[in-house]
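Student: Got a structure for you, written out below as structure tokens; questions coming shortly.
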Amino acid sequence: MHHQPLRIAMWSGPRNISTALMRSWGNRPDTFVCDEPFYAHYLVQTKITHPGGDEVIRHQENDWRKVAGWLTGPIPEDKTIFYQKHMAHHLLPNMERGWLNEVTNCFLIREPREMLTSLLHFLPQPTLADTGLPQQVEIFRQVQERTGKTPPVIDGRDVLDNPRRILGHLCDALHVPFTEAMLSWPAGPRSTDGIWAKYWYAAVEKTTSFQPYTPKPDQVPESLKQVQEECERLYHELYRHRLHAT
């Protein structure tokens, strides 16, 4: 197994396979996972109403500096990998970005039409910022400029179509060995799940592996066509760098 400490910040937008991916990494014996550590800060700052929002704020540290200090500090439980599931839209403008240099930033993306039509069930009028794509591209460019290298990008559909191959490529990019343990996990909740799991994770709690991709025919309403176009532009900037199944 991997021995050098590795802190993976996996930046996703909403309505993706981010929780299943957290299950996958959480099933590795060398990995500690955490679930959306900036969620409470996001709720406090935006005053947005989410299911169980007050409970999230009560149970989770909402000072982003303290959270960032924990994310870049010692890896809990003497593990060598710290997998951090992040929602990119939680990275608000008031948050300094220097701590990002101390983690290995990766990106999970989803085709915008499918993401937006799914997001509409929770946010009737999502903005571009709500999709997390501007924040993902901001971090991606920052990493490229700082390191001169392209950080790992994976597309949710690619993972569902061929989880062994895509996760294998991701592990290669991160210089850690792939393990079959990442392809299945026990059903049910986890102690590392956020306090909000009871509102959002009913479906994923029933799973024991990545579910096969199924096409979604829904179309984005006319009122969101401009948001969709902006999403497409940002998505394709990342998509062309994604890790391929071949």
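The values are calculated or read from the model by the stated rules, or taken from the named source; none is laboratory data. This is a predicted model, so every value here is computed, not measured. Reconstructed Cβ throughout: ideal geometry from the backbone, glycine too, with neighbour counts over all protein chains shown.
Student: Is it the case that some residue within the stretch 22-35 is closer than 21 Å to residue 95 by Cα, buried (at least 21 other Cβ atoms within 10 Å of the Cβ) and at pLDDT 95 or above? Full working, then the answer.
Tutor: Restricting attention to the stretch 22-35, the residues satisfying the condition of being closer than 21 Å to residue 95 by Cα are 34-35.
In the following step, the residues that additionally are buried (at least 21 other Cβ atoms within 10 Å of the Cβ) were identified as 35.
Then drop every residue that is not at pLDDT 95 or above, which leaves 35.
Among the residues of the stretch 22-35, at least one is closer than 21 Å to residue 95 by Cα, buried (at least 21 other Cβ atoms within 10 Å of the Cβ) and at pLDDT 95 or above, which makes the answer yes.
Student: Is at least one residue of the stretch 120-134 of a type outside the set (Ser, Thr, Tyr), in a loop (DSSP other than H, G, I, E, B) and buried (at least 21 other Cβ atoms within 10 Å of the Cβ)?
Tutor: Going through the stretch 120-134, the residues of a type outside the set (Ser, Thr, Tyr) turn out to be 120-126, 128-130, 132-134.
Imposing the further condition that a residue be in a loop (DSSP other than H, G, I, E, B) reduces the set to 120-126, 128, 132.
So of that shortlist, the ones also buried (at least 21 other Cβ atoms within 10 Å of the Cβ) come out as 132.
Looking for residues that are of a type outside the set (Ser, Thr, Tyr), in a loop (DSSP other than H, G, I, E, B) and buried (at least 21 other Cβ atoms within 10 Å of the Cβ), one finds at least one in the stretch 120-134, hence yes.
Student: Across the stretch 8-46, what is the number of residues that are of a type in the set (Phe, Trp, Tyr) and assigned to a loop (DSSP other than H, G, I, E, B)? Spell out the reasoning first.
Tutor: Start the filter on the stretch 8-46 by keeping residues that are of a type in the set (Phe, Trp, Tyr), which leaves 11, 25, 32, 38-39, 42.
So of that shortlist, the ones also assigned to a loop (DSSP other than H, G, I, E, B) come out as 38.
The qualifying residues number 1.
Student: Out of all the residues in the stretch 47-89, which are among the hydroxyl-bearing types (Ser, Thr, Tyr), surrounded by fewer than 20 Cβ atoms within 10 Å (Cβ to Cβ) and either touching a strand residue (DSSP E or B) at 6+ places or on another chain (Cβ under 7 Å) or assigned to a helix (DSSP H, G or I) (or both)?
Tutor: First pass over the stretch 47-89, keeping only residues among the hydroxyl-bearing types (Ser, Thr, Tyr): 49, 72, 80, 83.
Narrowing further to those that are surrounded by fewer than 20 Cβ atoms within 10 Å (Cβ to Cβ): 49, 72, 80.
72, 80 - these are the residues of the stretch 47-89 that are among the hydroxyl-bearing types (Ser, Thr, Tyr), surrounded by fewer than 20 Cβ atoms within 10 Å (Cβ to Cβ) and either touching a strand residue (DSSP E or B) at 6+ places or on another chain (Cβ under 7 Å) or assigned to a helix (DSSP H, G or I) (or both).
Student: Ok, one more. Quick one: which residue in 100, 128, 92 is in contact with a helix residue (DSSP H, G or I) (Cβ under 7 Å, 6 or more places away or on another chain) and closer than 17 Å to residue 16 by Cβ?
Tutor: Working: 100 fails: closer than 17 Å to residue 16 by Cβ; 92 fails: closer than 17 Å to residue 16 by Cβ.
Residue meeting the stated conditions: 128.
Student: Only one residue in 218, 193 is assigned to a loop (DSSP other than H, G, I, E, B), farther than 24 Å from residue 5 by Cα and touching a residue at least 12 places away in the same chain (Cβ under 8 Å), so which one is that?
Tutor: After applying the criteria, what remains is 218.
Student: Does residue 142 meet the test of being touching a Cys at 6+ places or on another chain (Cβ under 8 Å) and not in a loop (DSSP other than H, G, I, E, B)? Before the answer, list the steps.
Tutor: Values: touching a Cys at 6+ places or on another chain (Cβ under 8 Å): no; not in a loop (DSSP other than H, G, I, E, B): yes.
So residue 142 fails the test.
Student: Show the residue pairs that are 6+ apart or on different chains and have beta-carbon atoms under 7 Å apart, the first residue being within the stretch 38-51 and within 22 Å of residue 69 (Cα to Cα), the second being of a type in the set (S, T, N, Q) and not in a helix (DSSP H, G or I).
Tutor: 39/60; 40/60; 40/62; 41/62; 44/62; 45/94
Student: Got at least one residue in the stretch 156-163 being buried (at least 16 other Cβ atoms within 10 Å of the Cβ), out of contact with any helix residue (DSSP H, G or I) (no Cβ under 8 Å at 6 or more places or on another chain) and either modelled with pLDDT under 95 or among the polar types (S, T, N, Q) (or both)?
Tutor: Within the stretch 156-163, one or more residues are buried (at least 16 other Cβ atoms within 10 Å of the Cβ), out of contact with any helix residue (DSSP H, G or I) (no Cβ under 8 Å at 6 or more places or on another chain) and either modelled with pLDDT under 95 or among the polar types (S, T, N, Q) (or both).
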